[in-house]
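To start, the structure under review is shown below, and the notes come after it.
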Amino acid sequence: MGSIYLIRHGQASFGADDYDKLSEVGHAQGRVLGESLKSRVTKVDQVICGGMRRHRETAENCLGAMGQQALWQEDSDWAEYDHETVVNAYRPHWIDKQVMRAELAALPNPRRAFQEIFAEAIARWVGGEHDSDYPESWLAFRARVDAALTRLHQSLGKSQTALVFTSGGPITAAVQKLMQLPDERAFRLNWTLANCGITKLIYSDRALYLSTLNEHACFEGAQAHLITYR
């Protein structure tokens, strides 16, 4: 059996002008993950990045800590859905980021408030009744992730190992198909995915199987302060 490690990126920069870059915690998460993988993954045959800055920065930190060269192929089909478009379709006045920040700042817990609104926006996107409001529908997103996973599976030889640095959305879509989960349950899963958590798939010539989901034991105990979900 070969292995595909789907690695969620480290914590991004919530509230910053460039959300896509990692926070200081996000950089540390990548290094801790790499130290953990160093003794577990002795040979890496392919590394894929989803084309986003937070994917590349996570890969750099993780591969460096593993003692691997920071080399990868980019495949934008592993990129996250456009969360800003999804939110703006639900709250159009938030296209003006200053308005969004002002509204959130006036609330007792801006992060929690944003998460609640974000969950409502995602439910609208996944529901399929407003697909014309989005450049990429939920079904289209699922299809491109499936295409990316199929290409990777087909490119791997017997008993090889691939690392994929991606986001929570593509991991959710991949697991949903493998486990045949309905849409609403898929996104309940999504909310629990930890930054730099690993979802491991194993494969044969004919099929893919889910082996582990959202593994992040390397952040427990002394590193518990590095456990984040957004």
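The values are calculated or read from the model by the stated rules, or taken from the named source; none is laboratory data. In this text the structure is predicted, and so the values were computed from the model without any measurement. Here the Cβ is made from the backbone with ideal geometry for all residues, glycine too, and neighbour counts use every protein chain on show. The protein model used for the area step is the full one, side chains on, heavy atoms only, and it has no ligands, DNA or RNA in it. Shrake-Rupley method; radii C 1.70, N 1.55, O 1.52, S 1.80 Å.
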Query raised in the report: Can you find a residue in the range 144-154 that is farther than 14 Å from L201 by Cα, of a type in the set (D, E, K, R) and in a helix (DSSP H, G or I)?
Result: yes
Requested in this report: Return yes or no: is V86 among the β-branched types (V, I, T), open to solvent by less than 30 Å² (accessible area, probe 1.4 Å) and out of contact with any Gly (no Cβ under 9 Å at 6 or more places or on another chain)?
Outcome: yes
Report summary line: Contact list, first residue from the range 33-57 and hydroxyl-bearing (S, T, Y), second anywhere and buried (at least 16 other Cβ atoms within 10 Å of the Cβ), beta-carbon distance below 6 Å, six or more apart or interchain, is S36/C218
**Report entry** Some residue of the range 5-13 being open to solvent by less than 30 Å² (accessible area, probe 1.4 Å), within 25 Å of Y209 (Cβ to Cβ) and assigned to a loop (DSSP other than H, G, I, E, B)
**Finding:** yes
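W94 - would you say it is of a type outside the set (S, T, Y), in contact with a Pro (Cβ under 7 Å, 6 or more places away or on another chain) and under 30 Å from E129 (Cα atoms)?
no
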Query raised in the report: Quick check: anything in the range 206-214 basic (K, R), more than 29 Å from N61 (Cβ to Cβ) and in contact with an Asp or Glu (Cβ under 9 Å, 6 or more places away or on another chain)?
Result: no
Query - Answer from L189, L210, L156 - the residue that is under 17 Å from the mean Cα position of the chain (by Cα), under 27 Å from K38 (Cβ atoms) and of a type in the set (A, V, I, L, M) - result: L210
Requested in this report: Return only the number of the condition from (1) crowded, with 16+ Cβ neighbours inside 10 Å; (2) touching a residue at least 24 places away in the same chain (Cβ under 8 Å); (3) among the polar types (S, T, N, Q) that S23 does not satisfy.
Outcome: (2)
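Okay, residues lined up against (1) open to solvent by 50 Å² or more (accessible area, probe 1.4 Å); (2) in contact with a strand residue (DSSP E or B) (Cβ under 8 Å, 6 or more places away or on another chain); (3) assigned to a helix (DSSP H, G or I); (4) under 30 Å from E84 (Cβ atoms):
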position: S132; (1), (2), (3), (4): yes, no, yes, yes
position: A140; (1), (2), (3), (4): no, no, yes, yes
position: F187; (1), (2), (3), (4): no, no, yes, yes
position: I202; (1), (2), (3), (4): no, yes, no, no
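If we keep just the residues of the range 208-217 that are closer than 18 Å to V164 by Cα and either part of a strand (DSSP E or B) or hydrophobic (A, V, I, L, M, F, W, C) (or both), which is most open to solvent (accessible area, probe 1.4 Å)? Quick ask: steps written out before the conclusion?
So in the range 208-217, the residues closer than 18 Å to V164 by Cα come out as 208-216.
This time we only want the ones that are either part of a strand (DSSP E or B) or hydrophobic (A, V, I, L, M, F, W, C) (or both), so: 208-215.
On the way: L208: 36, Y209: 102, L210: 54, S211: 59, T212: 46, L213: 74, N214: 24, E215: 53 Å².
My answer is Y209.
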Query raised in the report: Can you find even one residue in the range 45-60 that is open to solvent by 20 Å² or more (accessible area, probe 1.4 Å), closer than 30 Å to A105 by Cβ and out of contact with any Leu (no Cβ under 9 Å at 6 or more places or on another chain)?
Result: yes
Query raised in the report: Would the range 65-82 turn up any residue that is over 18 Å from I171 (Cα atoms), open to solvent by less than 50 Å² (accessible area, probe 1.4 Å) and touching a residue at least 12 places away in the same chain (Cβ under 8 Å)?
Result: yes
